[in-house]
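In what follows, a structure is listed as C-alpha cells, so that the remarks can point back to it.
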Amino acid sequence: IGSYTLGAIMSIAFNYPMPAVDGNVMRILSRQFLIEEDISKPKSKKTFENKVMTLMGNNPSEFNQALMELGALICTPKNPKCMVCPIQEICMGYKENRIYEKIYWDHYHCYLFRCSSNFVATCGDDVG
C-alpha cells in the first residue's frame, strides 16, 4: 500500500500520528500557508507530510479525517467555498486573495493561475 493509505489506516484506526497526504491535503496546505511547490513532483509530498506532522496535535484520527473532509467538501480544486470554510480566518490564500487554480506549468517554471475571475501568468519572478 502507499503512504497515503498507510497514514489513513494508522491514524484513523489506531490514532497513530502519521500523515495521510493526498492531493486534497496538499491543495489545502498550499492555500492555507501559500506553499508554492509543484505538487505533481514526488519530492514535494515530503514537505506537506512534514507540515501535517507539525500541525497534527494529540488526535491524529480527527485531524486527518478533518483534512479529508475539508478537501472533499469545501477547499475544492475549482470554486472553493471560502465563505463557509472553518479555517478562513487563518488561510493566507484567502487573506491575500490567492485562492487559485494552477492551470499549467512546464520546465521553465511558467504558470497560469486563475485568481477569482482573472488569469495571471507568471514566469520565475515575472508576473503579467
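Out of 52, 120, I need the residue that is modelled with pLDDT of 95 or more and surrounded by 11 or more Cβ atoms within 10 Å (Cβ to Cβ). Which one?
52
Could you go through the stretch 17-30 and let me know if any residue there is of a type outside the set (S, T, N, Q), in contact (Cβ under 8 Å) with a residue 12 or more places away in the chain, closer than 15 Å to residue 99 by Cβ and open to solvent by 30 Å² or more (accessible area, probe 1.4 Å). Explain how you work it out, then say what you get.
Here is the first cut: in the stretch 17-30, the residues of a type outside the set (S, T, N, Q) are 17-23, 25-29.
Now restrict to residues that are in contact (Cβ under 8 Å) with a residue 12 or more places away in the chain: 17-23, 25-29.
Those still in the list that are closer than 15 Å to residue 99 by Cβ too: 26-29.
Subset that is open to solvent by 30 Å² or more (accessible area, probe 1.4 Å): 27.
Yes - at least one qualifying residue is present in the stretch 17-30.
Identify all residues within the stretch 12-34 that are β-branched (Val, Ile, Thr) and in a loop (DSSP other than H, G, I, E, B); write none if there are none.
Result: 21, single match.
Exactly one condition in (1) open to solvent by 20 Å² or more (accessible area, probe 1.4 Å); (2) in contact (Cβ under 8 Å) with a residue 12 or more places away in the chain is not met by residue 41; state its number.
(2)
The values are calculated or read from the model by the stated rules, or taken from the named source; none is laboratory data. Note that the structure is predicted; figures quoted are calculated from it, not measured. Quick reminder, even Gly has a Cβ in these numbers, built from the backbone with ideal geometry, and neighbours come from all protein chains shown. Quick note on the areas: whole protein, heavy atoms, side chains included, nothing else; ligands and nucleic acids left out. Shrake-Rupley method; radii C 1.70, N 1.55, O 1.52, S 1.80 Å.
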